[in-house]
């Protein structure tokens with residue numbers, strides 16, 4: 001049994017790892033052992049680190065990825081949910097929206113598999129968010145709509161209202177002001193009796209700006225005031241008052257609007273927020289131009305706003321700044337007006353802003369002489385916007401009246417499709433694992449055969465040694481005694497004595513030894529026995545090697561090779577100093593032999609001194625034997641073998 005002891009733990013670990021990964025990844029029915037509290041605490045460290053603002057965002061993403069890896073390995077879905085929620089949030093914060101979408105989809109698939117409505121909705125909301133941030137607004141609208149369906153079905157009014165707010169924002173972006181206002185008004189029915197004042201104020205704000213675009217200014221001011229009364233946050237008030245000033249400007253109440261903008265500019269909190277500060281500067285410059293196109297304040301305000309937005313890379317803000325500057329230079333400097341209109345188009349193109357692209361092209365069509373290409377593009381973009389608006393209206397209309405049953409069927413269909421895909425992958429991996437088992441079994445049988453050969457050689461050597469000692473050597477000794485008593489030929493007696501000592505040497509070289517717990521002492525004693533008055537032997541760090549973890553077969557090989565080196569030294573080297581050093585590495589053990597004897601030519605090393613057998617021995621345990629020697633420069637050998 002000892003022959004198998006070393007490799008089995010490693011094989012069991014490998015098998016366990018494969019099993020864990022397969023089960024975790026593909027949802028087999030077989031349950032894994034529950035995590036111990038110690039295991040849980042160790043992986044929660046990664047999760048806690050991922051939430052520390054003091055750590056670099058990429059390191060935080062790496063920490064949560066490590067947390068996710070172990071959570072999946074142990075098939076802990078509750079931890080996987082936590083990890084995916086945190087990872088998508090960090091990826092979004094790092095503006096890696098495509099990756100955030102990828103892991104949000106993974107969260108969705110897991111939630112559908114577990115029929116977990118709560119996490120299905122969270123995943124859909126995230127997919128809406130990251131598609132919106134990735135400027136895929138039509139896709140975002142669909143995911144927010146699906147999330148709304150679930151929240152309505154589960155009677156979660158707050159989530160339903162929040163989803164409708166996001167959908168209304170997207171409709172407004174595509175200039176579907178009527179659709180945006182309708183969706184926002186529907187949202188009020190879900191949020192008016194809740195404590196989510198911020199989202200409710202957002203709906204009032206969206207209704208307000210939609211009315212402004214439809215030139216319903218009194219309604220716009222009414223809903224703007226409703227929003228101001230609810231949202232008392234500093235940032236919220238800044239945005240809402242900015243909107244109020246714009247509505248007043250549309251009513252040509254320029255002095256009131258300018259007064260609000262100047263109050264906002266002097267607000268210390270707005271000055272610290274460069275994005276808001278640039279917005280107010282641009283709006284003030286634009287309104288002062290509307291009041292008096294010849295005023296001297298507008299141009300520096302508009303340019304300062306644009307420069308700040310360029311510095312902070314506010315692409316949406318730059319679109320507004322360039323449109324304002326196009327208006328400002330439209331009748332003053334055609335070249336500059338074209339320049340800013342083109343800049344507005346380029347920035348809008350970066351974020352796929354169809355409406356802004358059409359607006360910029362509208363200016364270019366008016367400013368340029370040859371505008372056939374611009375007109376063609378504008379028409380195409382406007383058609384695309386109309387298609388998206390129509391699609392969004394149809395999606396939401398179906399949701400309001402018909403989509404409950406359809407949504408349930410879609411969820412079931414997705415779950416069944418996912419189940420079939422998992423089964424297919426499980427069958428594939430089952431085949432791979434069976435093949436892997438076959439390879440492992442063949443490898444084990446070969447390794448066992450090698451160990452049996454080593455053991456057989458060792459036993460044969462021991463039997464020969466015993467026979468030489470017990471029979472041949474004793475017989476020779478008896479003959480020597482008889483001859484000595486008879487005082488016969490002294491030459492014959494001397495020859496017999498030589499034969500007797502040779503026989504004893506052979507017996508000692510092949511005798512058995514203790515390869516158990518006392519192996520270190522046994523090996524050290526063997527090497528020390530070759531010292532004498534002329535030769536000093538130094539053995540270093542032999543006890544640093546964990547001999548108990550080395551297989552008996554490897555101990556036999558090491559013992560015989562070192563014995564061969566010592567015999568070779570005794571017979572041929574004429575060395576007076578020998579050093580044998582032992583060193584344990586991470587994956588192997590290294591033994592270095594060196595003497596200061598007469599040495600030997602490199603070409604003759606393998607073919608003399610009985611060392612060919614030593615090299616063959618070390619190869620049987622996956623090791624190596626390297627020689628280095630020159631005449632009159634001693635002999636050195638390095639032995640490596642895996643631990």
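No value in this document is a laboratory result; all are computed from the given coordinates. Everything numeric in this text was worked out from a predicted model, so none of it was measured. All Cβ positions, glycine included, derive from the backbone under ideal geometry; neighbour counts span all protein chains shown.
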What does the convex hull of the Cα atoms of region 33-94 come to per residue, in Å³, rounded to a whole number? 63
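Order of 47-55, 259-267 by packing, highest average Cβ count within 10 Å first?
Taking the mean over residues of other Cβ atoms within 10 Å, the ranking is 259-267, 47-55.
Over region 85-204, calculate the relative contact order: mean separation of alpha carbon pairs under 8 Å at least 6 apart, over the residue count, as a percent.
Values: 149 pairs, mean separation 19.6, N = 120.
This gives 16 percent for region 85-204.
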Taking 2.2 N^0.38 Å as the expected size of a compact globular protein, what ratio does the Cα radius of gyration of region 201-258 give against it, to two decimals? 1.01
When the chain is fully extended, how far beyond the present Cα-Cα distance does residue 115 get from residue 193, taking 0.36 nm per residue of separation? 25.1 nm
Region 564-586 to region 335-359: how many Å between their Cα centroids? 83
Expected unfolding gain across residue 521-residue 292 under the 0.36 nm per residue rule, minus the alpha-carbon gap, is 72.1 nm
Spacing of the two label points (7 Å from each Cα toward its C-beta) at residue 442 and residue 627, in nm: 3.6
Pair residue 616, residue 643: separation of 7 Å Cα→Cβ label points (nm): 3.0
Distance from the Cα centre of region 181-234 to that of region 35-91, in angstrom? 39
Binned at 5 Å starting from 0, the alpha-carbon pair-distance distribution of region 538-601 in whole percents comes out as 4, 15, 25, 24, 15, 11, 6, 1
Ordering of 100-113, 563-576 by burial proxy (mean other Cβ atoms within 10 Å per residue, highest first): 100-113, 563-576
Could you list log10 I(q)/I(0) for region 115-213 at q = 0.10, 0.12, 0.25 Å⁻¹, which the Debye formula gives when each Cα is one point scatterer? -0.24, -0.34, -1.30
Contour minus Cα-Cα distance for residue 253 and residue 426 (0.36 nm per residue): 55.3 nm
Seen from all sides and averaged, what is the projected area of the convex hull of the Cα atoms in region 61-193, in nm²? 8.2
Rounded to the angstrom and largest first, Cα extents along the principal axes for region 513-642 equal 39, 31, 25
For region 307-363, what does the convex hull of the Cα positions come to per residue, in cubic angstrom? 63
